[in-house]
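Right, one structure below, let's go through it.
The values are calculated or read from the model by the stated rules, or taken from the named source; none is laboratory data. Owing to the predicted nature of the structure, the values given are computational and were not obtained by experimental measurement. Quick reminder, even Gly has a Cβ in these numbers, built from the backbone with ideal geometry, and neighbours come from all protein chains shown. The protein model used for the area step is the full one, side chains on, heavy atoms only, and it has no ligands, DNA or RNA in it. Shrake-Rupley method; radii C 1.70, N 1.55, O 1.52, S 1.80 Å.
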Amino acid sequence: MSRIDTKPQTPSKRVFIKTYGCQMNVYDSDRMADALAPHGYAPTQQIADADLVLLNTCHIREKASEKVFSELGRLKELQGEKRAMGGDLMIGVAGCVAQAEGEEIARRAPVVDLVFGPQAYHRLPVMLEQAAARRHLHPSLKRAVVDTDFPEEDKFAHLPAARREVTLARGLTAFLTVQEGCDKFCSFCVVPYTRGAEVSRPVAQVLDEARRLVDAGVREITLLGQNVNAYHGLDAAGRDVGLGELAHLLAEISGLERLRYTTSHPRDMDDALIAAHRDLPLLMPYLHLPVQSGSDRILKAMNRKHTRAQYLALIERIRTARPDMALSGDFIVGFPGETDADFEDTLAIIREVGYASAYSFKYSTRPGTPGASLDGQVDEAVKTERLHRLQDLVAGQMQAFNASMVGRTLPVLIERPGREPGQLGGRSPYLQAVHFDGPAELIGAIHPVEIVGISTNSLEGRLAGSVAA
Ligand code: SAH
Ligand code: SF4
Ligand code: F3S
């Protein structure tokens with residue numbers, strides 16, 4: 001494989017990036033592609049065409065983490081096939097498994113050329129050069145390049161921005177990471193270890209990136225952070241700016257129509273952010289606010305740092321500010337020590353809140369977390385049964401929420417052609433997928449759509465003349 005030039009050049013190589021895990025990884029994968037573009041790498045969707053494959057991994061549950069090793073097995077075969085044809089393939093592991101396991105991956109899977117954590121993405125071109133140089137070594141001496149440091153420098157300040165046409169091709173909605181890391185240390189969770197301490201990007205950097213996105217045609221931005229509502233960025237005067245104030249600053253960008261953010265921790269929903277939901281029409285009425293469990297005993301064991309009553313009081317305040325707020329949540333069943341009564345408390349809080357959508361998981365023991373050494377690990381069969389009951393309940397709530405839209409006219413951000421010819425697809429303010437017939441010229445517009453029916457995961461509509469409040 002040829003060495004990588006540091007000067008911009010026309011694409012001569014192809015990179016395939018496979019993304020696992022959360023939206024922050026989706027954002028990071030794009031940023032890795034942006035970092036590689038000036039070094040002659042164009043993205044490809046066909047793994048067989050790739051000169052470089054990057055796995056952007058997730059460590060959150062055991063299953064997610066183990067997927068990486070089975071994928072590496074397949075990549076080894078692909079590499080063998082390519083070499084037999086006179087070609088080659090470089091393989092990199094990025095993301096949270098890389099951060100958590102580092103050298104261990106290199107040991108377990110010698111096929112890997114580089115292993116690097118989320119804080120090292122700006123160094124990717126240099127690491128690739130190093131990895132390419134090591135390829136000429138005898139196999140017994142060859143070792144992967146491993147970079148899992150948490151560097152001093154601000155990676156975002158060193159990552160190049162996407163070119164305008166690249167941003168445009170990625171769609172009308174975009175993610176923008178404003179905060180990384182987590183200081184909460186929930187006892188089940190690896191994120192504080194894989195992503196490090198909470199860090200917020202400076203306000204000017206966020207506003208610049210948002211303006212660039214909007215200039216390229218983006219209409220909706222979702223601000224991302226492992227604890228996005230713990231955002232505390234500094235402005236030019238060195239003043240601390242919270243997420244509510246940041247939303248006000250973003251609202252001034254002309255052409256930005258919609259703003260969302262995820263994921264939030266209940267403890268960080270402050271008054272300014274709640275007030276922003278009342279005052280800013282561009283802040284969409286959909287909030288992902290995980291509670292994990294409805295039992296105070298389990299919440300305490302999880303180190304969530306709030307009670308069931310505090311969560312419910314918070315929901316009440318949010319709904320006072322924005323009565324139509326749709327809520328979504330995450331739930332874990334089978335945390336160590338969870339009894340039938342604790343689980344019933346979780347079902348009860350779900351009934352009380354009424355979620356528009358929810359994600360639920362069986363507790364997965366993660367090495368190095370306090371939860372892993374707790375007594376009272378719950379039987380797998382019990383976890384499965386609880387998960388099914390919980391999922392039935394939230395599926396019913398989601399369906400009821402979607403059904404409540406029928407007959408209403410909603411402003412829909414029209415994003416793309418639909419599955420059927422002549423169809424368009426977009427999103428309601430409540431993040432529901434909406435399908436309807438209409439002309440392709442409407443893509444990019446926010447247009448009123450009357451909701452006429454629901455299907456499993458989306459709403460069916462027809463174009464309407466005006467938006468009913
Ligand atoms: N920062 C976010 C969550 C990020 S992880 C928050 O605090 O809400 C996304 C979700 O994965 C969590 O909300 C939790 O429900 C789930 N999760 C995390 N660790 C888990 C584990 N060990 N087992 C099962 N689910 C887990
Ligand atoms: Fe994990 Fe808890 Fe931090 Fe969320 S708040 S990332 S669940 S430790
Ligand atoms: Fe997974 Fe890391 Fe996100 S562990 S959920 S990819 S922060």
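Exactly one residue among ASP330, ASP324, ASP375 is closer than 24 Å to PRO285 by Cβ and assigned to a loop (DSSP other than H, G, I, E, B), and that residue is ASP324. Here is the figure for segment 264-297: residues that are among the hydroxyl-bearing types (Ser, Thr, Tyr) and touching a residue at least 60 places away in the same chain (Cβ under 8 Å) total 1.
Residue-wise test of (1) over 21 Å from ILE221 (Cβ atoms); (2) among the hydrophobic types (A, V, I, L, M, F, W, C).
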position: ASP28; (1), (2): no, no
position: ARG31; (1), (2): no, no
position: GLY40; (1), (2): yes, no
position: LEU55; (1), (2): yes, yes
position: ILE60; (1), (2): yes, yes
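Limited to segment 274-296, what total is found for residues that are open to solvent by 10 Å² or more (accessible area, probe 1.4 Å) and either in a strand (DSSP E or B) or over 15 Å from LEU176 (Cβ atoms) (or both)? The number of residues fulfilling the criteria is 10. Of the residues making up segment 330-375, just one is closer than 20 Å to GLN432 by Cα, buried (at least 22 other Cβ atoms within 10 Å of the Cβ) and within 11 Å of ligand 1 (Cβ to nearest atom), namely ALA358.
Do the conditions hold for PHE150, that is, is it at pLDDT below 90 and assigned to a loop (DSSP other than H, G, I, E, B)?
On the way: at pLDDT below 90: yes; assigned to a loop (DSSP other than H, G, I, E, B): yes.
Answer is yes for this residue.
Out of ARG61, ARG74, ARG107, one residue alone is under 30 Å from LYS362 (Cα atoms), open to solvent by 60 Å² or more (accessible area, probe 1.4 Å) and within 16 Å of ligand 2 (Cβ to nearest atom). It is ARG61. Hey, does segment 301-321 have a residue that's within 23 Å of the chain's Cα centre (by Cα), within 16 Å of ligand 3 (Cβ to nearest atom) and open to solvent by 10 Å² or more (accessible area, probe 1.4 Å)? So far as segment 301-321 goes, no, none of its residues is within 23 Å of the chain's Cα centre (by Cα), within 16 Å of ligand 3 (Cβ to nearest atom) and open to solvent by 10 Å² or more (accessible area, probe 1.4 Å).
On the stretch given as segment 418-438, residues that are over 20 Å from ALA174 (Cβ atoms) and open to solvent by less than 60 Å² (accessible area, probe 1.4 Å) total 6.
Here is the figure for segment 97-119: residues that are part of a helix (DSSP H, G or I) and either touching a Pro at 6+ places or on another chain (Cβ under 7 Å) or among the β-branched types (Val, Ile, Thr) (or both) total 4.
Applying the selection to segment 223-273, what residues are surrounded by fewer than 19 Cβ atoms within 10 Å (Cβ to Cβ) and among the hydrophobic types (A, V, I, L, M, F, W, C)? The answer is LEU234, ALA236, ALA237, LEU249, ALA251, ILE253, LEU256, ALA272. Being within 16 Å of ligand 3 (Cβ to nearest atom), more than 27 Å from ALA35 (Cβ to Cβ) and open to solvent by 10 Å² or more (accessible area, probe 1.4 Å) is a description that does not apply to PHE175. In segment 30-58, what residues are within 17 Å of the chain's Cα centre (by Cα) and either open to solvent by 10 Å² or more (accessible area, probe 1.4 Å) or more than 22 Å from LEU124 (Cβ to Cβ) (or both)? Result: ASP30, ARG31, ALA33, CYS58.
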